[in-house]
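Where a number appears in this text, it was derived from the coordinates with a stated rule and is not lab data. None of the values given here were measured: they were computed from a predicted structure. Cβ placement follows ideal geometry from the backbone for every residue including glycine, while neighbour counts extend to all protein chains displayed.
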Amino acid sequence: MRQIVSNTGPLISLEKLSLGYAFIRGLYDKLIIPPVVLEEVAAGQFATPNEYLRHYDIFDLIEVRTMSQPRELSEAERLHEGERQAIQLALELQLPLLIEETAGRRVAQSVGIEISGIAGQILKAFRQGIFSATEAHDRLDEMFRAGRINRKIYDALLAPLSKA
């Protein structure tokens, strides 16, 4: 089964992309998240976390899981609770992590977790034939316009697409 753990930020990025959750299904069977991440993405938009899952039709994609063994992380005090729990869950399950925030990425990498953001997943989808170069470019444009990636990341990810 193709699984990855996710923090809140990547889920927000998927919401901003046209067919964001549809493309991520081509890469993963399950996005595993701690309960606090589901609460964070639903807060302010939906009355309950289940309404969020129903709205995006992702009951089968999202798996909410609580970590069994919390672990101390260096610099964890600088992180939001969702980041902290997602990093710990990825560590416990020995899975890669979708995370976009710089501080969280740094902490995750310091404990040996493989990381990516949604922009990196767009490139992965292109390399696996899920997206054409044009479709991948369009999704990166959407992320850039939505403020989900900066110019430096945008330009760096466009380079491999232009060679296709």
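Computed values, structure above
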| item | result |
| --- | --- |
| Qualifying lysines (Cα of each under 22 Å from Cα of residue 30; at least 8 residues distant if same chain) | 16, 124 |
| Of the trypsin sites (Lys or Arg not before Pro) in the range 21-74, those whose Cβ has at most 10 other Cβ within 10 Å and which sit in DSSP loop | none |
| Electrostatic dipole magnitude of the range 3-118 [Cβ: Lys, Arg +1; Asp, Glu -1; Cα centre; debye, to 20] | 160 |
| Structure-derived volume of the Cα convex hull per residue in Å³: which label, when the choices are (i) 98; (ii) 162; (iii) 115 | (iii) |
| Gaussian network model of the chain, Cα within-10 Å springs - most flexible of 116, 13, 132 | 132 |
| Neighbour net charge for residue 152 - beta-carbon separation under 15 angstrom, K R +1, D E -1 | +1 |
| Pairwise FRET efficiency - residue 95 versus residue 60, Cβ, R0 = 22 Å, nearest 0.05 | 0.75 |
| Karplus-derived 3J(HN,Hα), 6.51/-1.76/1.60, for each residue of the range 18-34, Hz, glycine and proline x | 5, 6, x, 5, 5, 5, 5, 5, x, 9, 9, 8, 9, 9, 9, 9, x |
| Per-residue ³J(HN,Hα) for the range 112-118, Karplus 6.51 cos²θ - 1.76 cosθ + 1.60, θ = phi - 60°, Hz, x for Gly and Pro | x, 8, 6, 10, 7, x, 5 |
| Mean separation of Cα contacts under 8 Å (6+ apart) over length of the chain, as relative contact order % | 25 |
| Loop-located GluC sites (Glu not before Pro) in the range 1-84 whose Cβ has at most 15 other Cβ within 10 Å (DSSP) | 72, 75 |
| Computed [θ] at 222 nm, deg cm²/dmol, the chain (DSSP H ≥ 4; -39,500 (n - 2.57); rounded to nearest 500) | -15500 deg cm²/dmol |
| Chymotrypsin sites (Phe, Trp or Tyr not before Pro) restricted to DSSP loop in the range 1-96 with at most 11 other C-beta within 10 Å | 59 |
| Ranking of 153, 32 by count of other Cβ atoms within 10 Å, fewest first | 153, 32 |
| Segment residue 151-residue 102, extension gain: residue separation times 0.36 nm, minus the distance between their alpha carbons | 16.1 nm |
| Net charge of Cβ neighbours under 13 Å - reference residue 56; Lys, Arg +1; Asp, Glu -1 | -1 |
| Fluctuation leader among 96, 49, 70 - the chain, Gaussian network, Cα springs under 10 angstrom | 70 |
